[in-house]
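Let me begin by presenting the structure, written as structure tokens, before commenting on it.
The values are calculated or read from the model by the stated rules, or taken from the named source; none is laboratory data. Here the structure is a predicted model, which means the values were calculated and not measured. A quick note on method: Cβ atoms are made from the backbone with ideal geometry, for glycine too, and the neighbour counts reach across all protein chains shown. Quick note on the areas: whole protein, heavy atoms, side chains included, nothing else; ligands and nucleic acids left out. Shrake-Rupley method; radii C 1.70, N 1.55, O 1.52, S 1.80 Å.
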Amino acid sequence: MQEFFTFLYELFIGEHPNEAALIRNEVFPSVGLLTLFITLLMVLLYYYGMNSLSTRARFNYTGYWIGVMLVNAIICFVVALNKIANGLEVHFDDYEPYFYYFAVENAFYSIFFFLLFSLIFKTWSKHAPYVPFKFPMR
Amino acid sequence: MSKLFLFGIGGTGARVIKSLTMLMAAGVEVKASRIVPILIDPDARNGDTVRTMNLLKLYKNIHQELGSRERGFFKTDISTLQDVWNDKDGKLSSGFNFPFLANNETFENFIDFHNLSNRSQDLLSLLFGKQSRESTLEVGFKGNPNIGSIVLNKLTESPEFTSFGKAFNPGDRIFIISSIFGGTGASGFPLLLKKFRSTESTYAGAGAINNAIIGALTVKPYFGLHDSDNSAIDSNTFITKTKAALSYYLHNLKGLNALYYVADTINKSYQNSEGGEEQKNQAHIVELIGALSILDFLDYRDSELNEGRTLYHEYGLKSDAKNASQVEFGHLSAETKNKIGQPLTQLKVFAKHYTEHLREATRHPYYESLELNRKLDTEPFYKDLNTFFQNHFYPWLKELSENERSLRLFNLNNELSLLISGGKPIREGKIFKSAVDFTYLDGIFTNLRTSIIRDKSPKDFMELMYQGTGKLYEENIKPLP
């Protein structure tokens with residue numbers, strides 16, 4: 001798990017110059033799991049909350065799907081920023097550029113996870129099985 | 001169930017049949033296996049008749065894709081004579097009309113006036129003025145039933161009449177629609193009835209027709225015409241002509257099983273046109289009520305109509321509608337509302353969704369399941385449906401609502417939640433109620449799709465629309481005001 005998330009996060013931003021070990025052990029796994037969990041919840045909320053509970057089919061448009069995906073990305077951005085700052089016990093005034101790179105990267109991964117979960121769960125949604133596109137349904 | 005041969009004589013006959021067709025499109029219960037409308041109008045270019053014939057053709061095309069069903073939009077078969085009688089000789093016209101006059105034929109030519117003896121010519125000159133004799137019959141009888149009563153005799157010599165006799169089976173019924181204050185209807189109705197009830201007739205099927213149950217609708221004056229020097233029709237004579245015809249009916253109308261009368265205070269005068277393409281009168285509530293008389297006639301059992309006497313019927317709105325210039329659901333009796341309220345509301349909801357929203361519903365599962373993205377623009381069925389709504393159903397509702405007295409059952413330009421004229425807003429939700437819109441209807445269609453859609457055919461589409469709009473009516477609209 002730790003190796004997986006380390007590979008994922010260091011792929012684009014590299015390792016932290018001073019606290020790489022701490023971040024690899026404590027920050028990457030928790031942020032990664034939390035991002036997966038939050039994204040899963042948001043996907044379930046979109047497909048089975050907003051698009052299955054009510055008779056009204058108001059949200060089964062790509063625009064709404066993108067909206068939920070962006071909200072999820074912002075949440076994941078904030079979670080990542082907060083987690084890395086807390087992990088290294090750094091005050092807001094002393095945030096390093098590395099923290100922001102990491103948060104942005106996490107937001108991008110959340111978009112990827114959102115798309116992945118959408119492909120898995122959209123099939124059983126009442127109103128939105130064709131959002132954001134028809135594939136893999138016939 | 002058996003067939004109903006429906007004779008619509010003149011412009012009024014055509015307009016009543018138009019209203020009946022709208023009700024049938026809505027899926028109103030019709031207790032006949034098929035309706036065979038026969039439009040009798042010497043004025044083949046009459047705007048009202050042409051509009052009705054186009055509507056009937058469209059209905060027939062749409063129904064053919066769907067087939068007869070227990071319930072649903074366009075569920076009852078409308079056939080031409082050609083459909084119910086195997087025309088081996090190919091003499092029948094393929095439409096719903098009864099063509100029986102040569103083009104531009106004058107009344108004089110028709111009766112061969114110049115070859116008659118001098119005494120006969122003198123007698124005819126007394127009965128028919130020179131202007132009447134020399135007028136062409138291509139726009140009808142211009143309000144002259146005395147001409148019609150002679151010319152329409154030729155009807156029975158046409159191949160259409162022969163085929164009608166051959167296609168008529170014991171148990172089938174006949175209904176004749178006519179106005180009493182014009183020319184074609186006033187003269188055609190007694191003449192047709194006399195022919196049907198004659199024991200001396202020898203045409204094929206005469207025996208069955210002679211014993212058939214026959215009903216009729218006589219429409220008394222309900223509109224006026226502007227005075228015009230260019231027209232031979234004078235609406236000031238409508239009441240006098242009605243009285244004269246009623247007097248004739250009293251003594252000479254024999255053999256009817258049911259007779260329906262309908263009329264209204266004359267509130268509006270139309271443009272005075274003798275006939276032809278210009279005669280396009282606005283739809284009127286009286287014509288819709290006239291159409292109800294046909295449904296009522298079919299509701300009676302044979303035993304109830306075969307008691308050796310004529311059952312007479314009139315129609316009344318609720319007492320508070322007496323002076324109402326605008327009739328809404330609230331002014332209709334419970335019986336009428338039960339019969340047409342739900343079907344017409346469902347059709348209106350369907351029409352609104354179809355014309356205003358369906359093309360935008362591409363992300364809804366039912367839209368994908370029915371493959372509408374490919375079919376809406378290519379399959380003739382969907383084009384016909386669009387033509388029906390845009391060229392017939394909406395104009396009909398608009399004319400009804402703009403006429404005087406106005407029939408305004410629906411708010412024509414408002415959003416879906418404010419559909420019912422004089423009714424409460426349509427809302428949904430158990431605790432926090434909100435106005436119904438197309439997204440709610442889309443949701444209903446999606447919920448129903450798996451239990452309805454089988455082969456993605458127009459039949460599936462129409463069943464989905466019928467059940468979906470029915471669910472909306474049952475859960476969110478009823479009761480009507």
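Below is a table of values for the structure above.
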{"read-out": "Shielding by other protein chains, A:129-136, mean Cβ within 10 Å", "value": "2"}
{"read-out": "Unit Cα scatterers, Debye sum, chain A: log10 I(q)/I(0) for q = 0.13, 0.16, 0.22 Å⁻¹", "value": "-0.59, -0.79, -1.18"}
{"read-out": "The range B:294-313-the range B:426-460 distance, computed between alpha-carbon centres (Å)", "value": "40"}
{"read-out": "Entries of B:LYS398/B:LYS459; B:LYS18/B:LYS348; B:LYS352/B:LYS375; B:LYS220/B:LYS243; A:LYS126/B:LYS471 with Cα pairs more than 21 Å apart", "value": "B:LYS398/B:LYS459"}
{"read-out": "Chain B: relative contact order in percent, alpha carbon pairs under 8 Å with at least 6 residues between", "value": "16"}
{"read-out": "Degrees separating the helix B:458-472 axis from the principal Cα axis of chain B, which is the longest one", "value": "70"}
{"read-out": "Accessible surface, 1.4 Å probe, highest first, among residues B:ASP112, B:ASP442", "value": "B:ASP112, B:ASP442"}
{"read-out": "Hz values of 3J(HN,Hα) by residue in the range B:382-389 - Karplus curve (6.51, -1.76, 1.60), Gly and Pro given as x", "value": "6, 5, 4, 5, 5, 4, 4, 5"}
{"read-out": "Electrostatic dipole magnitude of the protein assembly as shown [Cβ: Lys, Arg +1; Asp, Glu -1; Cα centre; debye, to 20]", "value": "1880"}
{"read-out": "Exercise: per-residue mean of other protein chain Cβ atoms within 10 Å, A:54-65", "value": "6"}
{"read-out": "Number of partner chain Cβ atoms within 10 Å, mean per residue of B:362-371", "value": "4"}
{"read-out": "Geometric extent, Cα atoms of chain B - Rg, Dmax (angstrom)", "value": "23.6, 88"}
{"read-out": "Rounded to 5, percent antiparallel among DSSP beta bridges of the protein assembly as shown", "value": "10"}
{"read-out": "Helix A:97-121 axis, angle to chain A major axis (alpha carbon atoms, nearest 10°)", "value": "30"}
{"read-out": "For the protein assembly as shown, projected area of the alpha-carbon convex hull averaged over all directions, nm²", "value": "37.4"}
{"read-out": "Helix B:285-299 axis, angle to chain B major axis (alpha carbon atoms, nearest 10°)", "value": "90"}
